[in-house]
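The next block holds one structure in the form of structure tokens; read it before the comments.
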Amino acid sequence: MQQLFLKKPEKLQHSPTLDTVLMVEQTIKEAKEVLTIGELKRRLPNQVHHYTLKYILEYLQKSGKIEFTPSGVVWIFMPKEDITLIMKKGRTWT
């Protein structure tokens with residue numbers, strides 16, 4: 001079983017607030033494209049310390065919401081409702 005609790009990096013002075021985590025999550029989700037860390041920082045409505053952002057990204061990856069690519073980060077999470085809809089349609093072969 002994969003451990004979900006992350007070890008806090010030494011340079012991180014405090015844990016991010018829920019608002020900060022949700023802000024980063026929403027920004028990546030709405031991008032609908034691969035974002036570099038620099039581009040993500042520019043798109044965030046509020047500044048986030050670099051180590052705090054890295055900690056949040058690690059959490060989002062471990063929770064299955066984002067994935068790192070050679071080009072940056074991308075949103076991969078699919079809500080349960082969408083999965084249910086896809087399963088109802090079934091697989092079609094063309």
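Pairs please, first residue from segment 55-81 and on the phi > 0 side of the Ramachandran plot, second anywhere and of a type in the set (D, E, K, R) and modelled with pLDDT of 95 or more, Cβ atoms under 8 Å, 6+ apart in sequence or on different chains.
Every condition considered, the pairs that remain are 72/39.
Given the options 53, 85, 57, 44, name the one that is in contact with a Pro (Cβ under 9 Å, 6 or more places away or on another chain) and not hydroxyl-bearing (Ser, Thr, Tyr).
53
Checking the conditions here, which among 88, 54 is surrounded by 13 or more Cβ atoms within 10 Å (Cβ to Cβ) and either assigned to a strand (DSSP E or B) or among the basic types (Lys, Arg) (or both)?
54
Residues being surrounded by 13 or more Cβ atoms within 10 Å (Cβ to Cβ) and in contact (Cβ under 8 Å) with a residue 40 or more places away in the chain: count how many of those fall in segment 30-51.
The qualifying residues number 3.
Within segment 20-32, does at least one residue satisfy the condition of being at pLDDT 95 or above, aliphatic (A, V, I, L, M) and in a loop (DSSP other than H, G, I, E, B)?
No: segment 20-32 contains no residue that is at pLDDT 95 or above, aliphatic (A, V, I, L, M) and in a loop (DSSP other than H, G, I, E, B).
Name the residues in segment 57-74 that are under 19 Å from residue 14 (Cβ atoms) and either in a strand (DSSP E or B) or not aromatic (Phe, Trp, Tyr) (or both), would you?
57, 58, 60, listed by residue number.
The values are calculated or read from the model by the stated rules, or taken from the named source; none is laboratory data. In this text, all values refer to a predicted model and were calculated from it rather than measured experimentally. Ideal geometry is used to build each Cβ from the backbone, glycine not excepted, and the neighbour counts take in all protein chains shown.
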